[in-house]
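Heads up, the thing below is written out as structure tokens.
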Amino acid sequence: MLNNQGRPTNVDNVNSNVGTSTGAALLPSEPLLFEVGDKNKSGVDLPQTDTDFSSRLGGFARQTPINLPGLTEPQSMRHYVRMSRLNYSIDAGFYPLGSCTMKHNPRLNEKMARLPGIADIHPLQPQSTVQGAIELMEELGRWLMELTGTGAVSMTPKAGAHGEMCGMMAIKAAHEAKGQSHRKIVLVPESAHGTNPATAAFLGYKVKPIPAREDGTVDVQAVKDALDENVAGIMLTNPNTCGLFEPDVIEIADAVHEAGAYFYCDGANFNAIMGVVRPGDLGIDAMHINLHKTFSTPHGGGGPGAGPVVLSDALAPYAPLPYVKRVGDAVALIENPKEGEEHLGRLSAFHGQMGMYVRALTFKLSHGADGIEQAARDAVLNANYLKAKLSDVYNVPYDGQPCMHEVLFDDKSLKGTGVSTLDLAKAMIDEGYHPMTMYFPLVVHGAMLIEPTESESLHTLDQFIGTMRELMADAKAGNIDRFVNAPMKAPMRRLDETAAARSPHLRWDEPEDDAATEAAE
Ligand SMILES: *Cc1c(COP(=O)(O)O)cnc(C)c1O
């Protein structure tokens, strides 16, 4: 039997017409567990018992089969191991996804997060029994305030976007407390991450886009012109999503404050400036920190995020519950506010992503203050190295200043080749690389945003540069098959990603003849 890749299928999978090839380095397709399994198989042997359990279920005993696949232990084991081999990950290779900061997750972090005293505690334990865990949250929070130059932090948000919501809710609450709830506009630069306008809109704000200047930075005059008594705040990313430090950020902060509005800073790009610049000194009022980007905790398929938010003194009273407070020798999670205290209530059940706190604090303690700064400087150096070695063949749209931790190219150099940014990205997969971030930010055509992070070696960068130069040369030479048909070596060929995202098929439907046989039995 041949599968859709023209490879022989594995005869082991007798129940399926899709199979796993053997003897090939790549595994073209892995059937579903339902297709591998057989209802009459089981991975466990339970001893026969005389007890009639069904009698205890009263009328609630199941009348129809449960329809779970029956699998032996090796079958299920192999299924998951094969699936894991279809994944590309930061542990498998270079992952230059801009804005997402896919840096190495040090194994020390994992080891610490798995210590039984941390891994085995429960969020409902009495606080007196988890003083160490609360203290760890407090210490991480102190680091975040120190690094950002702010005086308050909310640890609970569970991702960057959740942190944005937390910060913007604090801004909204602060305006309401001042009788300023008519402020209904939030300014968002055109280069912003989609979560920024989404957050503002979600909280009922009207989003007003601010154009970028020729050099890719925010137009300070446009900000000033847009500010009036109806503006609640600005959401600005710094370094911005073009990989550039906003040179007028202090002037922008001053203008925003003068207009009675607040400055929300998207801190997802903190990796470039941690230990070097304190955003609090630039005048920000709220900023989320993606622990999963900046401080190396796994993300994407690797684990949940965590998006603590630091707050200025003006917004600190509006932090959500719970918050950590030192009380004498002890630490406490304050879950109920004092009489008359302003607060947002809770943003999530429990207290936040404990496992990510442990990993982020481990990263900080193992680097130290000097190491954190070095990591930021190395991230910037690596991105500028890629820029220097690729900018003669890939067009840099904004070349006025060195880039920060990521370098932005556009598709100008591909013009006339018949190869698009998407085709190039797919060809990178065949070369063993995860593609860079594509078509974001939206302000440049066919964007390619490349973030090497500090954890890549010169050797890896040179290899990548070689591949990228070779791909561009091949595109220019007219060898477009390699691009438009890519990926050719990946487990799956080119997919309809829009359809996959918009109408995913998430349920397994039993093939009709099986269902019919069963009904007849
Ligand atoms: C990743 C990112 C976010 C959102 O963070 P999540 O943790 O994915 O919700 C927001 N803004 C920027 C610039 C980002 O890169």
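The values are calculated or read from the model by the stated rules, or taken from the named source; none is laboratory data. Remember, predicted model here, so these are calculated numbers, not experimental data. Cβ sites come from the backbone with ideal geometry, for glycine too, and all protein chains shown count toward neighbours. Please note that ligands, DNA and RNA were not included when accessible areas were found on the heavy atoms of the full protein model with its side chains. Shrake-Rupley method; radii C 1.70, N 1.55, O 1.52, S 1.80 Å.
Things worth noting here:
- Cross-linked pairs Lys364/Lys389; Lys103/Lys208; Lys172/Lys364; Lys208/Lys293; Lys172/Lys293; Lys103/Lys387: Cα-Cα separations exceed 22 Å for Lys364/Lys389; Lys103/Lys208; Lys172/Lys364; Lys208/Lys293; Lys172/Lys293.
- For the pair Asp228 and Lys412, the difference between a 0.36 nm per residue extended length and the Cα-Cα distance amounts to 62.4 nm.
- Extension gain for the segment Ala92 to Glu431, taken as residue separation times 0.36 nm less the Cα-Cα distance, is 120.7 nm to one decimal.
- Model label zone, Met488; criterion: amide N under 17 Å from point 7 Å along Cα-to-beta-carbon; scope the stretch 425-455: 425-433
- Heavy-atom accessible surface of the chain: percent carbon and sulfur, 1.4 Å: 54 percent
- Averaged per residue, the chain has 49 square angstrom of accessible surface, using a 1.4 angstrom probe with ligands and nucleic acids left out.
- Cα centroid of the stretch 83-113 to Cα centroid of the stretch 356-413, whole Å: 17 Å
- Between Arg346 and Leu321, the built amide H atoms are under 5 Å apart, and every one of these is 5 or more places off in sequence or on another chain.
- Computed [θ] at 222 nm, deg cm²/dmol, the chain (DSSP H ≥ 4; -39,500 (n - 2.57); rounded to nearest 500): -10500 deg cm²/dmol
- Whole-Hz couplings from phi, Karplus 6.51/-1.76/1.60, listed for the stretch 221-226; x for Gly and Pro: 5, 5, 5, 4, 5, 7
- Of all DSSP bridge pairs formed entirely within the chain, close to 55 percent run antiparallel.
- DSSP finds beta bridges in the stretch 108-364, and of those with both partners inside it, around 40 percent are antiparallel.
- For Met287, the residues whose amide H sits under 5 Å from its own are Cys265, Val310, ignoring neighbours fewer than 5 places away on the same chain, with H placed 1.01 Å from N.
- Segment Tyr80-Gln221, extension gain: residue separation times 0.36 nm, minus the distance between their alpha carbons: 45.2 nm
- Taking amide H as placed 1.01 Å from N in the peptide plane, the amide H of Lys208 sits under 5 Å from that of Val186, Leu187, Val188, each at least 5 places away or on another chain.
- Based on C-alpha pairs under 8 angstrom that are at least 6 apart in sequence, the stretch 108-364 has a relative contact order of 29 percent.
- Inter-label distance, Val276 to Asp378: 1.4 nm, where each label sits 7 Å from its Cα along the C-beta direction.
- Simple label model, 7 Å out from Cα along Cβ direction - Leu108 to Arg62, nm: 4.8 nm
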